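Here's the structure we're looking at; comments come further down.
Nothing in this text is a laboratory measurement; each read-out follows from the coordinates by a stated rule. This is a predicted model, so every value here is computed, not measured. FYI the Cβ positions are ideal-geometry reconstructions off the backbone, even for glycines, and counts take in every protein chain you see.
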Amino acid sequence: MKRLVFLFLLLTTLAVAQTVTKLKLEQYLDIESVSEPQLSPDGSEIVYSRTWIDKINDKRETDLWIMNANGSRNRFFVRGSSPRWSPDGTRIAFLAQGEPKGQQIFVKYKGTEGSTQITRVDRTPGNITWSPDGQFIAFTMIVPAKNPWPVKIPGKPEGARWTEEPRFITNLVYRRDRVGFLEEGYVHIFVVPAGGGTPRQVTQGNWDHGTTGISWTRDGKEIVFSSLRTPDAEYAYRESDIYAVNVNSGEVRQLTTRSGPDYSPEVSPDGKMVAYIGYDWTDDTYRDAQLYVMNIDGTGHRSLTASLDRTPAQLIWATDNSGIYFNIQDQGNSNVYFAPLRGNYRAVTQGKHMLALSSLSNNGLMTGVWSDPRNPGDVVTFSATNPKPVRITNVNDDVLNQVTLGEVEEIWYTSVDDFKIQGWIVKPPDFDPKKKYPLILVIHGGPHAMYNIGFNFTWQHHAAEGYVVLYTNPRGSTGYGSAFANAIKNAYPGKDYDDLMKGVDEVIKRGYVDEQNLFVYGGSGGGVLTSWIVGHTDRFAAASVNYPVTNWLSFVGTTDGVSWYRNFAKYPWEDPSEHLRRSSLMYVGNVKTPTMLMCGVNDLRTPISQTEEYYQALKVRKVPTVMIRFNDEFHGTSSRPSNYLRTQQYLYYWFNLYKRGAATASR
């Protein structure tokens, strides 16, 4: 009897141990994200942003939390974002909702209850930066352009409620003011007393100043920034330079003059040098930038990463002025590097993860955000002498510690022109290699962007729903060098399609994919390629084309992203042939794949008219289709948490509707 009881208990225990708890879609609402960890100057404390979902009001909220540098005493600090320590470590400046409306700059003394609102501006401040003496805070803000015509409209009765004045657009550069509206305006630099007061505009002119960050000189007399050399966006990608503006007089001096973009300046701790990012102009659609340094007077320009074919980001000077730390994205991973003023650059951290340095204290301690395939982002600390990241937060363990996630496998394969392509396979959490699974191919946007090894809730949920997921970085992606990214110059879409299909073939060869049930989707540039795919192959059972470009001719005159002009050798009015040849709308006659379309109604980047053109063509061709127009969405379908849930559910419904060889939902 004892043996029987023991056997029964053993079998029960094994059965429980083998139970797989899968990720549920509603758990998305409980996932938090961390960002912007900032070390106090003495390295004893870290303040960071923690974003959570307000389920009632369907939006994301951000709080600031503070903890000791070892992760102890982790606690709520204040509602807000974008924290920055004062130079003496006694105060933290941050952004939060204030009066009369919108985001304002606040300052809170460490260890006190209240905080002080120090701005009352009508536009959102950015790039908060303390002066070296802690007496002022510099920031950037959009200044709307004034009506350039001296025209007055007569006859308005007192108290009349007339239509709001129109917005005048005279330059190629204009930006979204609020959903549905465009306006002409320019980013300028302001300073405000750290104790509160009236912000004073420091820079002038009809072009942007300081959009990539600002940095005070150590004497507090000047602010170093980057700016376009012309207000016309046609040249924004070839002519931006580094300048310094006198805070009191507004006098500007130019520090770089080459043909090419220079940006993200950082003044050295001793005030003698400036580090910045840039490259010499070419007509390539993409080129990796280099890390440069120069003297504070603009002399002695030189590159510290001439042999590194990757773009540095987030420059932070070593406290002893010996060099600069920076982040590099490379082959789906991100790590921290160091470039000394004398000698060769080197990797500080190593590993298959996404690690982004964000702050460095006076004692050499570093902090940043780290993620890997099984862990959403958390705050970590490390140093140059002890570079292994130490995880000091676990903000999502309460959600995921009982969930079985899908295995993520890295793959490499050879495509046309002998291009080596990297991708990843996500398998269902209860994966059995003897079974056959439907496959989802996910395509990134950009197209100059990089899928990475970090945790991704969406792909893990696809896997939990029983799909094998494939995501890749086809030619055109960043993180593989300039030549790889520029391989789609004047050829997009093109052989990147072959890269994607070769990836699907590579997974099929492994024997566990149901070839009758291949599915594909992507957004933005991924929408471009998805619409191209269904016009060139019938191998997919269903597709979802999300906020795409389908007609390059009409797109050129309607998008707010004028950089797309550079994708073609000529403008469409000079020669429309290439624009037509690369437009998926021209191949809609080949489409047989049931194709869903999703787009935000307020999209100005890939306007919803692009979706509408393709939808109407599919309807005329009698191809199964549906167009889903998402409210409160700009470029995407998931900024609102509820819209993210809808996006996922609509994908599953559409794919199940046209799944081959199985019972499908009602059509």
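Considering only strands (runs of 3 or more DSSP E) fully contained in segment 264-339, which possess at least 2 residues that are crowded, with 17+ Cβ neighbours inside 10 Å and of a type outside the set (A, V, I, L, M, F, W, C)?
Details: elements: 273-278, 290-295, 313-317, 323-330.
Per the criteria, 273-278, 290-295, 323-330.
Restricting to segment 608-644, count the residues that are surrounded by fewer than 19 Cβ atoms within 10 Å (Cβ to Cβ) and among the β-branched types (Val, Ile, Thr).
4
Return the residue satisfying two criteria in turn: it lies in segment 619-644 and is without any contact (Cβ under 8 Å) to a residue 60 or more places away in the chain and in a loop (DSSP other than H, G, I, E, B), and of such residues it is nearest to Val556 (Cα to Cα).
Looking at residues that are without any contact (Cβ under 8 Å) to a residue 60 or more places away in the chain and in a loop (DSSP other than H, G, I, E, B), I get Glu633.
With the condition being without any contact (Cβ under 8 Å) to a residue 60 or more places away in the chain and surrounded by 24 or more Cβ atoms within 10 Å (Cβ to Cβ), I'd like the strands (runs of 3 or more DSSP E) fully within segment 488-607 carrying at least 2 qualifying residues. If you could, list the steps in order and put the result at the bottom.
Numbers: elements: 513-523, 542-546, 595-600.
Correct list: 595-600.
Do you know which residues across segment 648-662 are hydroxyl-bearing (Ser, Thr, Tyr) and in contact with an Asp or Glu (Cβ under 9 Å, 6 or more places away or on another chain)?
The answer is Tyr652, and nothing else.
Against the condition among the aromatic types (Phe, Trp, Tyr) and touching a strand residue (DSSP E or B) at 6+ places or on another chain (Cβ under 9 Å), how does Tyr547 come out, does it pass?
In short, yes.
Of everything in segment 399-430, what is part of a strand (DSSP E or B) and either hydroxyl-bearing (Ser, Thr, Tyr) or farther than 14 Å from Arg374 by Cα (or both)? Give them in sequence order.
Ile411, Trp412, Tyr413, Thr414, Lys420, Ile421, Gln422, Gly423
Determine which member of the set Phe457, Phe382, Phe419 is over 23 Å from the mean Cα position of the chain (by Cα), closer than 26 Å to Asn74 by Cβ and surrounded by 17 or more Cβ atoms within 10 Å (Cβ to Cβ).
The conditions single out Phe382.
Could you grab me the full set of residues in segment 238-255 that are under 20 Å from Val192 (Cβ atoms) and under 29 Å from the mean Cα position of the chain (by Cα)?
Ala244
In segment 422-434, which residue that is among the charged types (D, E, K, R) and surrounded by fewer than 14 Cβ atoms within 10 Å (Cβ to Cβ) is farthest from Ser477 (Cα to Cα)?
Lys434
Got at least one residue in segment 462-470 being outside any strand (DSSP E or B) and farther than 25 Å from Lys436 by Cβ?
no
Got a number for residues in segment 56-75 being surrounded by fewer than 11 Cβ atoms within 10 Å (Cβ to Cβ) and in a strand (DSSP E or B)?
Adding up the residues that qualify gives 1.
Can you name the condition, by its number, that Gln616 falls short on among (1) more than 31 Å from the chain's Cα centre (by Cα); (2) assigned to a loop (DSSP other than H, G, I, E, B); (3) not small (Gly, Ala, Ser)?
(2)
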